[in-house]
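Visitor: Pasting a structure here, questions to come.
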Amino acid sequence: MALKMQNVSSQQHFILNGFAELGDLRPVLFVPFLLMFIVALLANSLLVYVVVSQRSLHQPMSILIAGMACVDLCLPVFFVPNMLLSFLFDWKGISLIGCLVQMHFIHFFGAFQSTFLVWMALDRYFAICTPLHYQELMALQRFLKFIVPLVVRNMLLISLFVSLAGKLSFCRNVMNHCFCEHMALVELACGSTAINNLVGLLTVFLIPVFDFLFIAASYILIISTMLRSSSTSVKALHTCITHAMVITVSLAVALIALLSYRIKNELPAAVRVFFSTMYLLFPSCFNPIIYGVRTTEIRQHMLTTLTHWKRLVQTEP
């Protein structure tokens, strides 16, 4: 037995066996995940193109929305194609190096999903609570003091727990997941993983939890300011409340997924994998609608662009 475990460890090759409980029904998942992948790619690509190509949209909030769209465009590329191949052709193998690389990019871009929401909350706070100083506060030179610390935080924490995971020895090689999630890999290790658990938990609290608390505080101040203002429009208040609700739901799903590996619970494995997948893929599909289509100026330019492309296609011989 010891020799067999050593061989597994030395091979450094893993089997991604997410949704194995579905058995022969597992290939059915190919269709919904493919559709979500296509929606994420097309919607975010269109949003980035519109903001970049229209000079009138080169405003702080629109640029932040385009930045979040870039994150939502890149993130699914690192795990959805592998999932689709696994569902359709039962290709489940991945090397340790491939697993660590995938883990790094997934968690790195995943961290920026909430980080961009922090920057967007700051933009709304400055615009509504300090309108006279908005242009000054949102100038790039001034706003960098909010950008740089969070970028450094994300890079350091993600790189730290990925490098620690890479130093582990593994007794098992079957991962009950559809992609290389940090704790799903750590669970396969031999010996103590206390430091990995600690750093992973620290990352959860310093990135999504901290971001959520900061965003919640910002929106409470924003909404209270709007309620006190006689000039506040119902539309602006409704938009802020909608954003706050969407952020709450998205981060709640993220916390369920991230903490389910660290807290004893009765969640079935398939449900845990589903939450882990959705907290990454759900925002990529719906952020373009929530933050792009619902923004009047961006929506108008998106419709104009789509109409122009349609005419080009119809005029081609």
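The values are calculated or read from the model by the stated rules, or taken from the named source; none is laboratory data. Note that the structure is predicted; figures quoted are calculated from it, not measured. All Cβ positions, even for glycine, are placed from backbone atoms using ideal geometry, and neighbour counts span all protein chains on display. We work out accessible area using only protein heavy atoms, side chains counted, and drop any ligands, DNA or RNA first. Shrake-Rupley method; radii C 1.70, N 1.55, O 1.52, S 1.80 Å.
Visitor: Which one of these is in contact with a helix residue (DSSP H, G or I) (Cβ under 9 Å, 6 or more places away or on another chain), without any contact (Cβ under 8 Å) to a residue 60 or more places away in the chain and either over 23 Å from Leu259 (Cα atoms) or not basic (Lys, Arg) (or both): Phe179, Phe170, Phe116?
Guide: Details: Phe179 fails: without any contact (Cβ under 8 Å) to a residue 60 or more places away in the chain; Phe170 fails: without any contact (Cβ under 8 Å) to a residue 60 or more places away in the chain.
It is Phe116.
Visitor: Let me ask something else about it. Cβ contacts < 6 Å: first residue within 18 Å of Gly292 (Cβ to Cβ), restricted to the range 240-261; second residue open to solvent by less than 30 Å² (accessible area, probe 1.4 Å), any location; separation 6+ or different chain. Result?
Guide: Every condition considered, the pairs that remain are Cys240/Ile222; Ala244/Tyr219; Val246/Ile290; Ile247/Leu117; Ile247/Ile215; Ser250/Pro283.
Visitor: Restricting to helices (runs of 4 or more DSSP H) lying wholly in the range 19-90: which have 1 or more residues that are farther than 26 Å from Met120 by Cα, without any contact (Cβ under 8 Å) to a residue 60 or more places away in the chain and out of contact with any Leu (no Cβ under 9 Å at 6 or more places or on another chain)? Please lay out each step first, then the result.
Guide: Numbers: elements: 30-53, 60-74, 80-89.
Correct list: 30-53, 80-89.
Visitor: Considering only the range 103-151, how many residues are open to solvent by 20 Å² or more (accessible area, probe 1.4 Å) and of a type in the set (Gly, Ala, Ser)?
Guide: Matching residues across the range 103-151 total 2.
Visitor: Let me ask something else. What do you reckon, is Ile63 open to solvent by 40 Å² or more (accessible area, probe 1.4 Å), farther than 30 Å from Thr304 by Cα, at pLDDT 90 or above and out of contact with any Phe, Trp or Tyr (no Cβ under 9 Å at 6 or more places or on another chain)?
Guide: Details: open to solvent by 40 Å² or more (accessible area, probe 1.4 Å): yes; farther than 30 Å from Thr304 by Cα: no; at pLDDT 90 or above: yes; out of contact with any Phe, Trp or Tyr (no Cβ under 9 Å at 6 or more places or on another chain): yes.
When the stated conditions are applied, Ile63 does not pass them.
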